[in-house]
Amino acid sequence: MNHFLKLSDLSADEIYRLLDIAADLKYKQKNGIPHRYLEGKSVALIFQKASTRTRTSFEIGAFQLGGYGAFLNTSDMQISRGEPVQDTARVLSRYFDLIMIRTFEQSYVEDLAKYGSVPVINGLTDYCHPTQVLADLLTIREYKGSLEGLKLCYIGDGNNMANSYIVGALKTGMRMTAVCPEGYRPHPYVLEFAKAYGDRFELCDDPLKGAVGADVICTDVWTSMGQEDETEKRKKAFKGYQVNDEIMSVANSGAIVQHCLPAHREEEITAKVFEEHANEIFDEAENRLHAHKAIMVALAGNYDK
């Protein structure tokens, strides 16, 4: 694994290795066991989009691993004045050992990796959110013991979260149902990828049908960053695509809920269901830290359990 750009680049074994590293690092942190695998190394943390969990987890994660995470706001960089991505990539590669970026275009992340000479991590793009879904897979495995054979149902916008859930779930042996209204479906590339998994993947527009027998119910906000002018339009389009008591009643007993946060209560999820599953959701948020540490350690190439 040279970069962490999207989950479809990784094999199932590579994803499971990251989950195992994350679990080990979490155990070490909880038990006060030193795990300074990034001693003396630096990580560029580039942000074009606002962030709470991604920024703090990478900054704190780098610190706990003995390294240094430098926050770089693109509005303060020459990127904002038109510096080509290939120049930014080559310059930062001479200062840093790793680069993480949270931005809009997937192509920008891919170009950073192409022109730079250090590993690049995709902290989020409009196309996918692989760091988040790795943390979700870690959380699901903690609650369910394993991933193989579970059913994950995602309800809502066919956005970057839906794209990464589909890839991550199918690659780790889960069954996956994406429930999205017409006009808000996952990316065509991802749907083409899912065809190879046959009946382990289903795309439908009926939330109740999709949630039947689910072990994991996932959702996300209806209006993501940069789509604020579509808010009212999206509220109408996603009416009925809410995770509520009715949805949970058809899921399997003991089904857990995952939400990448921030949550808009009474839109994509009711306050009641959110609070009933708050432990799972905030374990998921915490696991961003451990998953991100695992990615950095694996890419640095010096992990020794």
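The values are calculated or read from the model by the stated rules, or taken from the named source; none is laboratory data. Keep in mind that this is a model prediction, so the values were computed, not measured. Here the Cβ positions follow ideal geometry from the backbone for every residue, glycine too, while neighbour counts run over all protein chains shown.
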request  = Considering (1) touching a helix residue (DSSP H, G or I) at 6+ places or on another chain (Cβ under 9 Å); (2) farther than 30 Å from ILE166 by Cα, say which one ILE101 fails and leave the rest.
outcome  = (2)
query = Take the residues of the range 21-76 that are surrounded by 14 or more Cβ atoms within 10 Å (Cβ to Cβ) and of a type in the set (Asp, Glu): which is farthest from LEU138 (Cα to Cα)?
reply = GLU59
inquiry  = Against the condition among the hydrophobic types (A, V, I, L, M, F, W, C) and out of contact with any strand residue (DSSP E or B) (no Cβ under 6 Å at 6 or more places or on another chain), how does ALA271 come out, does it pass?
reply    = no
ask   = Taking the range 171-206, which residues are touching a helix residue (DSSP H, G or I) at 6+ places or on another chain (Cβ under 7 Å), crowded, with 23+ Cβ neighbours inside 10 Å and closer than 18 Å to LEU150 by Cα?
value = MET176, THR177, ALA178, VAL179
Number of the condition not met by TYR154 [criteria: (1) outside any helix (DSSP H, G or I); (2) exposed (fewer than 15 other Cβ atoms within 10 Å of the Cβ)] = (2)
key: Residue check, LEU261 more than 20 Å from the chain's Cα centre (by Cα) and aliphatic (A, V, I, L, M)   = no
message = Of the residues LYS41, LYS6, LYS30, LYS26, only one is modelled with pLDDT of 95 or more, in contact with a His (Cβ under 7 Å, 6 or more places away or on another chain) and either more than 25 Å from TYR303 (Cα to Cα) or among the charged types (D, E, K, R) (or both); which?
response = LYS26
message = Please go through (1) out of contact with any strand residue (DSSP E or B) (no Cβ under 7 Å at 6 or more places or on another chain); (2) surrounded by 23 or more Cβ atoms within 10 Å (Cβ to Cβ) for SER107 and return the number of the only condition it doesn't satisfy.
response = (2)
message = Whether any residue in the range 203-214 is among the acidic types (Asp, Glu) and farther than 19 Å from CYS260 by Cα is what I want to check.
response = yes
ask   = Among the residues of the range 1-22, which ones are touching a strand residue (DSSP E or B) at 6+ places or on another chain (Cβ under 9 Å) and part of a helix (DSSP H, G or I)?
value = LEU18
ask   = If LYS49 passes every condition in (1) under 22 Å from TYR127 (Cα atoms); (2) modelled with pLDDT of 95 or more; (3) within 16 Å of the chain's Cα centre (by Cα); (4) of a type outside the set (Ser, Thr, Tyr) but one, which one does it miss?
value = (2)
query = Can you name the number of the only condition in (1) in contact (Cβ under 8 Å) with a residue 12 or more places away in the chain; (2) over 24 Å from PRO130 (Cβ atoms) that THR231 fails?
reply = (1)
inquiry  = Just the residues that are over 25 Å from SER42 (Cα atoms) and either in contact with an Asp or Glu (Cβ under 7 Å, 6 or more places away or on another chain) or assigned to a helix (DSSP H, G or I) (or both), please, taken from the range 127-148.
reply    = ASP136, LEU137, LEU138, THR139, ILE140, ARG141, GLU142, TYR143, LYS144
ask   = Residues ALA285, ALA278, ALA294: which one is hydrophobic (A, V, I, L, M, F, W, C) and out of contact with any Lys or Arg (no Cβ under 9 Å at 6 or more places or on another chain)?
value = ALA278
ask   = Residues in the range 47-104 that are out of contact with any strand residue (DSSP E or B) (no Cβ under 9 Å at 6 or more places or on another chain), within 25 Å of ARG36 (Cβ to Cβ) and of a type in the set (Ser, Thr, Tyr): how many?
value = 2
